[in-house]
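The values are calculated or read from the model by the stated rules, or taken from the named source; none is laboratory data. If you're wondering where the values come from, they're calculated on a predicted model, not measured in any experiment. Cβ coordinates were reconstructed from backbone atoms using ideal geometry, including for glycine residues, and neighbour counts include every protein chain displayed. Surface accessibility is based on the protein's heavy atoms, side chains included, excluding ligands, DNA and RNA. Shrake-Rupley method; radii C 1.70, N 1.55, O 1.52, S 1.80 Å.
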Amino acid sequence: MKLLCISNGHGEDGIAVRILKQLRQLPGAPTLAALPIVGEGRAYEKAGIAIQGPTQAMPSGGFIYMDRHELLRDLQGGLVGLTLAQLKTARDWAKSGGKILAVGDIVPLAIAWQSGAEYFFIGTAKSEYYLRNEAHRLPGRPMLEGWSGSVYVPWERWLMARPRCQGVFLRDQLTADTLQRLGVPALYPGNPMMDELETRADKLARLTATFPPAPTRLTLALLPGSRAPEAFDNWQRMVSAIASVMETFGDRQVRLLAALAPSLNLAAFKDVLLDAGWQSVAGEYPTFQCGNGVLVLTTNAFAECLHLADAAIATAGTATEQAVGLGKPVLTFPGSGPQFTYAFAEAQSRLLGPSILLLHDPRAAGATLQVCLADSPRLQQIAENGRRRMGLPGAAGAIAKAVHQHSAQPPYSGAASLAT
């Protein structure tokens, strides 16, 4: 078998890579290739997965649905020509006998369908939690939202229910149950976002050794996002939130672990800290001190930062969800975008429920966090909510096994067998 993975975003690329790595380890693993339709597919290249077809980084970073001006910039940047070439790549792949794994939303799903190939779909972008929780519809949502009985509209469900669609894997049980009632053979094997978050003892030791001993300590993970220049703008706001936390928790050492994407320029983050009065000090990682706060900048210890943290401050997509999945309360506040706007932050707070503390002003971070951390029942609720909405590790392996199993079956049998 040949399998082409089509994904549309940085987070989606990462999810796809986790699954393809697991698939590659199975007996008789297929030949793998990737078609990232947003960005240049660095995650695939790093994993040694061949890129099929053209790629190009667009000005919007894939967030054209946030702002029509971003769409215009992408059109001027060659979006139409790129899309047509990617559609042709998918059709050529189908003609060669290959199958497709679509990861993301309706865009890769539609490309998979139009190719003529048999395909699988991993839905990462939509969840019933945007509309309701297990008990009731969320208050204040527009009447027409979810008008067809699900966050997935009828044409999306039609694409998922085609005989050529051999498997549909969704991001939470609530969404899978809803689509099953509507005739889509959907499964919830867990959320691949929670895979590969294991810590390494040597990295934990290096991180903790950076900080001086303290009788009482509060540890926060800082997650400003992965895209430049937006991450730098978010960092400015984050430094203001940090100052609020340090003032509120003045009797404790505030240990701050900034988990930065390797592609980001560390110098820009350092400059913001120096301008805000932080002083560079010796440490295993780039380390800064200001009052009762000690802050390190890391680019290779993401999981360690999350596991060590009591809570997180985040202006990110996937990283925020992973922090929630580990049971952490997460403070967020909107920026200027293109991703982490107020609309995005508000939608994320619906998706992740009580684990998210959405602020309008970063300077409210200290008081908000103090109230939260003093409430033990609330912290227990946040931990349970994270596990329920994000799942446990192991989903990537489960999806890989399902794809492998159904790929060995005769054509068009996959959807029917999944339904049982």
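Residues in the range 266-299 that are loosely packed, with under 14 Cβ neighbours inside 10 Å and not aliphatic (A, V, I, L, M): 271, 275, 277, 279, 280, 291. Mind listing just one residue for me: the one in the range 362-386 that is within 15 Å of residue 330 (Cβ to Cβ) and among the polar types (S, T, N, Q) and, of those, surrounded by the fewest Cβ atoms within 10 Å (Cβ to Cβ)? My answer is 381. I need every pair where a residue in the range 200-224 that is free of Cβ contacts under 8 Å to residues at least 12 places away in the same chain has its Cβ under 8 Å from the Cβ of a residue that is β-branched (Val, Ile, Thr) and part of a loop (DSSP other than H, G, I, E, B), sequence separation at least 6 or different chains. Listed pairs, sorted by first residue: none to list.
For residue 335, the test of being of a type in the set (Gly, Ala, Ser), in a loop (DSSP other than H, G, I, E, B) and crowded, with 19+ Cβ neighbours inside 10 Å is passed.
When the range 121-137 is examined, which residues are found to be part of a loop (DSSP other than H, G, I, E, B) and within 23 Å of the chain's Cα centre (by Cα)? Outline the logic, then answer.
Restricting attention to the range 121-137, the residues satisfying the condition of being part of a loop (DSSP other than H, G, I, E, B) are 124-127, 131, 133-136.
Matches in the range 121-137: 124, 125, 126, 127, 131, 133, 134.
Which helices (runs of 4 or more DSSP H) sit wholly inside the range 357-407 and have at least 3 residues that are closer than 17 Å to residue 327 by Cα, of a type outside the set (A, V, I, L, M, F, W, C) and at pLDDT 95 or above?
Numbers: elements: 365-373, 376-390, 395-407.
Those helices (runs of 4 or more DSSP H) span 376-390.
Looking at the range 233-265 only, could you name the residues that are under 19 Å from residue 211 (Cβ atoms) and open to solvent by 30 Å² or more (accessible area, probe 1.4 Å)? Matches in the range 233-265: 243, 250, 251, 252. Scanning the range 153-172 for residues that are of a type in the set (Lys, Arg) and either open to solvent by 30 Å² or more (accessible area, probe 1.4 Å) or at pLDDT below 95 (or both) yields 157, 162, 164.
Confirm whether residue 89 is open to solvent by 10 Å² or more (accessible area, probe 1.4 Å), more than 17 Å from residue 32 (Cβ to Cβ) and at pLDDT below 95. Spell out the reasoning first.
Numbers: open to solvent by 10 Å² or more (accessible area, probe 1.4 Å): yes; more than 17 Å from residue 32 (Cβ to Cβ): no; at pLDDT below 95: yes.
No: the conditions fail for residue 89.
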